[in-house]
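The block underneath contains the structure these notes are about, expressed in structure tokens.
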Amino acid sequence: MTPRSVLVTGGNRGIGLAVARALRDDGHRVAVTHRDDAPPDGLFGVRAEMRDPDSVDAAFTEVEAAHGPVEVLVANAGITRDMPFLRMTEPDFLDVVDINLGGAYRVVRRAARSMIRARWGRVILMSSMVYAYGAAGQANYGASKAGLLGLARSLAWELGPRDITVNLVAPGLIDTEMGRAVTDRRRTELARVTPLGHPGTTEDVAEAVRYLAGESGRYVTGAVLPVSGGLGLGG
Ligand SMILES: NC(=O)c1ccc[n+]([C@@H]2O[C@H](COP(=O)([O-])OP(=O)(O)OC[C@H]3O[C@@H](n4cnc5c(N)ncnc54)[C@H](OP(=O)(O)O)[C@@H]3O)[C@@H](O)[C@H]2O)c1
């Protein structure tokens, strides 16, 4: 295994934290972005706000100085702002798209130049099964997570010749702060349409990222890897 410089956005908690720990335990030099809180123990933290290109740029510069150019990028930071469509104002829609899709664009753009120069790279975008089957109340989130697929597939073509893979991981319901925010009614509904019948853990998602980030994933690009207990089967 070649140790790599890895950056996980939103790696201070939830899925991002599990991904960062798994890749660190594999021997990589892992950095995580965080905002207000202190970075998690034992991980190199850089402050970054996904809406702000200058903040993203500064975070990459810090990571480059400490660990070298980012070779594995996990664009994981994201939010939900669920509500019925008719109540969803333009800022409610655009803020979610700006963070979830715009943020991914900003970090991939900042990482791509050095990956192209190195003729090697791994880009993993954290989508959601909502990209495929949609969900009432999640028009903003669904649009952002489906947008990641168009981004990944276009970049797979453009960056593939330089040995850079670009893939989506699409979790179902995962037990994090975001996952726990769903109503009990919605949780029951999701369990009913999930063949495995229960939410997943952050470690389940981290295993999928590990696969795509390592040599194991070298011939996989433009793909969607669902980690959903079968939710959205065939989507
Ligand atoms: N949990 C699920 O059921 C589920 C299912 C499918 C997909 N996902 C996706 O998985 C990813 C991680 O979700 P999670 O469940 O781990 O959520 P979470 O526990 O709410 O964590 C979200 C992370 O994103 C960061 N973040 C949010 N807005 C940001 C911004 N504007 N700039 C920089 N960082 C920002 C947060 O930083 P702060 O701590 O500073 O807020 C936090 O680190 C998201 O993209 C989410 O859409 C989650």
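The values are calculated or read from the model by the stated rules, or taken from the named source; none is laboratory data. Given the structure is predicted, the values throughout are model-derived calculations rather than measurements. Cβ coordinates were reconstructed from backbone atoms using ideal geometry, including for glycine residues, and neighbour counts include every protein chain displayed.
Filtering the range 174-187 down to residues that are surrounded by 11 or more Cβ atoms within 10 Å (Cβ to Cβ) and closer than 15 Å to Gly16 by Cα, which residue is farthest from the ligand (Cβ to nearest atom)? Break it down stepwise before answering.
Our first condition is that a residue be surrounded by 11 or more Cβ atoms within 10 Å (Cβ to Cβ); within the range 174-187, this holds for 174-176, 178-180, 182, 186-187.
Checking which are closer than 15 Å to Gly16 by Cα leaves us with 174-176, 178-179.
Details: Ile174: 4, Asp175: 7, Thr176: 3, Met178: 3, Gly179: 3 Å.
Taking the candidates together, the pick is Asp175.
Which of the residues spanning the range 20-38 are near the ligand (Cβ under 9 Å from one of its atoms) and at pLDDT 95 or above? Show your work before the answer.
Narrowing the range 20-38 to residues near the ligand (Cβ under 9 Å from one of its atoms): 32-37.
Within the range 20-38, Val32, Thr33, His34, Arg35 meet the criteria.
Got at least one residue in the range 125-147 being within 18 Å of Val70 (Cβ to Cβ) and in contact (Cβ under 8 Å) with a residue 40 or more places away in the chain?
First, pick out the residues of the range 125-147 that are within 18 Å of Val70 (Cβ to Cβ): 125-126.
Retained after the next criterion (residues that are in contact (Cβ under 8 Å) with a residue 40 or more places away in the chain): 125-126.
The answer is yes; a qualifying residue exists.
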Conditions (1) more than 23 Å from Val123 (Cα to Cα); (2) modelled with pLDDT of 95 or more; (3) not β-branched (Val, Ile, Thr); number of the one not met by Pro226: (1)
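Looking only at the range 1-19, which residues are within 14 Å of the ligand (Cβ to nearest atom) and in contact (Cβ under 8 Å) with a residue 40 or more places away in the chain?
As a first pass, look at the range 1-19 and keep what is within 14 Å of the ligand (Cβ to nearest atom): 7-19.
The answer is Leu7, Val8, Thr9, Gly10, Gly11, Arg13, Gly14, Ile15, Gly16, Leu17, Ala18, Val19.
Going residue by residue through the range 28-50, is there one that turns out to be surrounded by 15 or more Cβ atoms within 10 Å (Cβ to Cβ), within 13 Å of the chain's Cα centre (by Cα) and assigned to a strand (DSSP E or B)?
Keep residues of the range 28-50 that are surrounded by 15 or more Cβ atoms within 10 Å (Cβ to Cβ), which gives 28-34, 39-40, 43-46, 48-50.
Next, from what is left, pick out any that are within 13 Å of the chain's Cα centre (by Cα): 32-33, 50.
Adding the requirement that they be assigned to a strand (DSSP E or B) leaves 32-33.
So far as the range 28-50 goes, yes, one or more of its residues are surrounded by 15 or more Cβ atoms within 10 Å (Cβ to Cβ), within 13 Å of the chain's Cα centre (by Cα) and assigned to a strand (DSSP E or B).
Criterion first (free of Cβ contacts under 8 Å to residues at least 60 places away in the same chain, aliphatic (A, V, I, L, M) and more than 14 Å from the ligand (Cβ to nearest atom)) does Leu190 satisfy it?
Details: free of Cβ contacts under 8 Å to residues at least 60 places away in the same chain: yes; aliphatic (A, V, I, L, M): yes; more than 14 Å from the ligand (Cβ to nearest atom): no.
So Leu190 fails the test.
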